[in-house]
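Structure record follows, encoded as structure tokens.
The values are calculated or read from the model by the stated rules, or taken from the named source; none is laboratory data. Note that the structure is a prediction, hence the values are computed from the model and not measured. Here Cβ is always computed from backbone atoms with ideal geometry, including for glycine, and neighbour counts include all displayed protein chains. Side chains are part of the model used for accessible areas, which takes the heavy atoms of the whole protein and leaves out ligands, DNA and RNA. Shrake-Rupley method; radii C 1.70, N 1.55, O 1.52, S 1.80 Å.
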Amino acid sequence: MAEIEVGMMAVIGTLRIPPEDADAVKPHMEAMIAATRAEAGAVYFSLAFDPSEPNIVRVSEVFRDMAALERLLRPSSCPRPTRSYLRQVHAPH
């Protein structure tokens with residue numbers, strides 16, 4: 001991992017994934033990891049299932065600055081299949 005410097009933006013979070021969708025979400029996670037790491041200004045990005053809570057994905061991100069983070073947060077930055085899947089997972093039931 002690259003060295004963290006003053007002024008960089010870190011994002012730490014979780015995603016709740018229905019346990020029955022764990023296998024289906026893995027290719028979307030891989031696509032999101034590859035796309036995010038390729039973005040200008042991305043220093044570090046990781047998604048990982050929590051072994052103690054199988055329905056939780058831990059998210060860790062570091063960006064060079066706020067502008068890099070804001071660019072990535074635009075809906076067009078996220079791979080289309082991942083956007084579609086995440087909309088389905090997070091849709092109210």
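Among the residues of segment 64-80 satisfying the criterion of being in a loop (DSSP other than H, G, I, E, B) and modelled with pLDDT under 85, which is most open to solvent (accessible area, probe 1.4 Å)?
Looking at the filtered set, the residue picked out is 74.
Every residue in segment 51-63 that is over 14 Å from the mean Cα position of the chain (by Cα) and either under 29 Å from residue 7 (Cβ atoms) or part of a strand (DSSP E or B) (or both), please.
53, 54, 55
Take the residues of segment 33-59 that are of a type in the set (Ser, Thr, Tyr) and open to solvent by 40 Å² or more (accessible area, probe 1.4 Å): which is farthest from residue 74 (Cα to Cα)?
Here the residue is 52.
If you check residue 35 against the conditions, is it closer than 19 Å to residue 66 by Cα and touching a Pro at 6+ places or on another chain (Cβ under 8 Å)?
yes
Considering only residues that are without any contact (Cβ under 8 Å) to a residue 40 or more places away in the chain and farther than 21 Å from residue 71 by Cβ, look in segment 1-26 and name the one that is nearest to the chain's Cα centre (by Cα).
Among those that are without any contact (Cβ under 8 Å) to a residue 40 or more places away in the chain and farther than 21 Å from residue 71 by Cβ, it is 26.
Applying the selection to segment 9-32, what residues are touching a strand residue (DSSP E or B) at 6+ places or on another chain (Cβ under 6 Å), assigned to a helix (DSSP H, G or I) and surrounded by 14 or more Cβ atoms within 10 Å (Cβ to Cβ)?
29, the sole residue that qualifies.
Hey, among the residues in segment 45-67 that are among the small types (Gly, Ala, Ser) and touching a strand residue (DSSP E or B) at 6+ places or on another chain (Cβ under 8 Å), which one's farthest from residue 11 (Cα to Cα)?
Ranking the candidates gives 48 first.
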